[in-house]
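The values are calculated or read from the model by the stated rules, or taken from the named source; none is laboratory data. Since the model is a prediction, treat every value here as computed from it, not as a measurement. Please note: Cβ atoms are built from the backbone with ideal geometry, for glycine as well, and neighbour counts cover all protein chains shown.
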Amino acid sequence: MNITRTIKYEADRVKGFGDEVMKVPGCEKLKDCIQCGTCSGVCPLSVYMDYTPRQVMELTRFDFKKEVLSSKTIWLCASCYACTCECPREIRITDIMYELKQRAIHEGVYPRKFPIPVLAQEFEKMVTANGRISEMPLVMKLFMKTDPLGAMGNWQMGLDLMKTGRFSLASEKINNREQLAKMFAAAEEKA
Amino acid sequence: MKYSYFPGCSLKGLGRAYEESLLPVMKHLGVDLQELDDWNCCGATAYMSVDEAKACVLASRNLALAERDGNHPILAPCSACYLVLNKTKHYLHQYPKMKATVDRALNAVGMKCEKDVPVRHPLDVLINDIGLDAIKMKVTKPLQGLKVAPYYGCQIVRPYATFDDQANPTTMDRLLEALGATVIRWPLKTKCCGGSLTGTIPEAGIRMVYILLNEAKKRGADCLATVCPLCQFNLDGYHSAVRRQYGDVLLPTVYFSQLMGLAFGLPDRDLALNRAAIPFRWRPSSPPPAPAKPPAAKSVAA
């Protein structure tokens, strides 16, 4: 029988992680968290999360880097900002989730085959290259990468979209893609 | 009144019924909309999950384009666009390091973003610039008897909205009342629709859609009115999945702009009502059948 330790040890911490996150503009107030759980209470998705938003706040603040960055929680956050608006300590919880998502992608520790981080990266790639999103091609890429057979289950939706003139495989692009590329390149230069 | 119109990718794609109905309605009200030339994707929620600095650069190109093209307020009908453009403005104000990165990027292509161009939502413009009185004057076919549940979703009221209340927004309620509709009071008007979760994690997304449809239907709504292409897509497009999991909760979801067009008497073909999976049919010219008059009444009239 496989058993797992459910209590976290001091030794699991990556010292300095919490401080690093709390230095990011917008994430400073995390230090003020009183663990009231309002964020978890108002979150429409906390019922599906491996750690509730309240737990993610505490784990982040106290350096449990591996736990938060590989959690599903940060990806289930749909950015509805209910927690950010309700937090009595004015912690920008949604923005902290974004910071954690970026770190998870940067370090390549997001849960594998989980569609949401895959979608985010495909979206980013498409917009960086074209300046715009083409919805159908994006959705198809997502299915190809995560659940090729699942796409078949959506035939009804495809049919509905065709019938209502909304199914398009065209690749949307801005004219001045060169300009956008120059901007990204300049942004990445060190100040 | 002149605005830089920022449609965003969805209003040219899955949410084209929003644009197709909003433009004639705004024109009917005398609003001058000039589409922002060569606008780019706002980045939505996905881009800033990957790289926030580049997300700000991306969004600020649109702000800079608007500044270059006359500095008229930006009209952003899509909730994600509205939020992201406003969020970027906040970041540029609050975080000097982010501002420096964005300035460096804009500088490299000879643009700038300094004039703090306002980013406005159509509901804001309709209520605060045009006004309900002017709107009422255009109503020729009041939506008498139509019960509408106004659904605002999350991103136009949280966290950057300035024109309405976060917990209980009322701009759309007041607009729908001005059109003659009956507004359904319900507690889920700002509850999240699930965003892209319907596609990525159906188990969660479909449940969120079901909760909204079910509550609106339970309260007697004939339709839901939305302000966001993703909300409309979720609430309209996933009925077969909802049926499989929870049973039928058939309820059409329309854009508020489509209802405005109907009340203004604009032709149906201008309102893209045929773009939805769940058809919305309502004719002001079909009141409940009048009780049959006794034949005697005819002779009196003669």
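For (1) surrounded by 16 or more Cβ atoms within 10 Å (Cβ to Cβ); (2) assigned to a loop (DSSP other than H, G, I, E, B), each residue gets a yes or a no:
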{"site": "A:R112", "(1), (2)": "no, yes"}
{"site": "A:R132", "(1), (2)": "yes, yes"}
{"site": "A:M157", "(1), (2)": "yes, no"}
{"site": "A:K173", "(1), (2)": "no, yes"}
{"site": "A:K182", "(1), (2)": "no, no"}
Margin query: Return the residues of the range A:137-155 that are of a type in the set (K, R) and surrounded by fewer than 16 Cβ atoms within 10 Å (Cβ to Cβ); say none if nothing qualifies.
Written below: A:K145
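Is it the case, given these coordinates, that B:T101 is within 12 Å of chain A (Cβ to nearest Cβ), part of a helix (DSSP H, G or I) and at pLDDT below 95?
no
To keep it simple, each residue is scored yes or no on (1) of a type in the set (V, I, T); (2) within 14 Å of another protein chain (Cβ to nearest Cβ); (3) touching a Ser or Thr at 6+ places or on another chain (Cβ under 6 Å).
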position: B:R174; (1), (2), (3): no, no, no
position: B:T182; (1), (2), (3): yes, no, no
position: B:C192; (1), (2), (3): no, yes, no
position: B:I201; (1), (2), (3): yes, yes, no
position: B:G205; (1), (2), (3): no, yes, yes
position: B:N214; (1), (2), (3): no, no, no
position: B:V227; (1), (2), (3): yes, no, no
position: B:H239; (1), (2), (3): no, yes, no
Notebook entry, point to check: Of everything in the range A:162-171 that's in contact with a helix residue (DSSP H, G or I) (Cβ under 8 Å, 6 or more places away or on another chain) and either outside any loop (DSSP other than H, G, I, E, B) or at the interface with chain B (Cβ under 7 Å from one of its Cβ atoms) (or both), which residue is surrounded by the fewest Cβ atoms within 10 Å (Cβ to Cβ)?
Noted result: A:G165
Margin query: Considering only residues that are basic (K, R), crowded, with 20+ Cβ neighbours inside 10 Å and free of Cβ contacts under 8 Å to residues at least 40 places away in the same chain, which ones fall in the range B:81-138?
Written below: B:K89
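Which fully enclosed helices (runs of 4 or more DSSP H) of the range B:183-302 have 1 or more residues being touching a helix residue (DSSP H, G or I) at 6+ places or on another chain (Cβ under 9 Å), modelled with pLDDT of 95 or more and within 27 Å of B:L75 (Cβ to Cβ)?
B:202-218, B:229-237, B:256-263
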Item checked: Whichever residue in the range A:41-92 is in a helix (DSSP H, G or I), within 13 Å of chain B (Cβ to nearest Cβ) and among the β-branched types (V, I, T) and, among such residues, is surrounded by the fewest Cβ atoms within 10 Å (Cβ to Cβ) -> A:V47
Note to self: What's the number of the only condition in (1) under 28 Å from B:V125 (Cα atoms); (2) over 20 Å from the mean Cα position of the chain (by Cα) that B:R243 fails to meet?
What the structure shows: (1)
Next item on the list: Tell me which residues, restricted to the range B:31-68, are away from every other protein chain (no Cβ under 14 Å) and in contact (Cβ under 8 Å) with a residue 40 or more places away in the chain.
Entry: B:V31, B:L33, B:A66, B:E67
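Return the total of residues in the range B:69-83 being assigned to a helix (DSSP H, G or I) and either more than 10 Å from chain A (Cβ to nearest Cβ) or touching a strand residue (DSSP E or B) at 6+ places or on another chain (Cβ under 8 Å) (or both).
3
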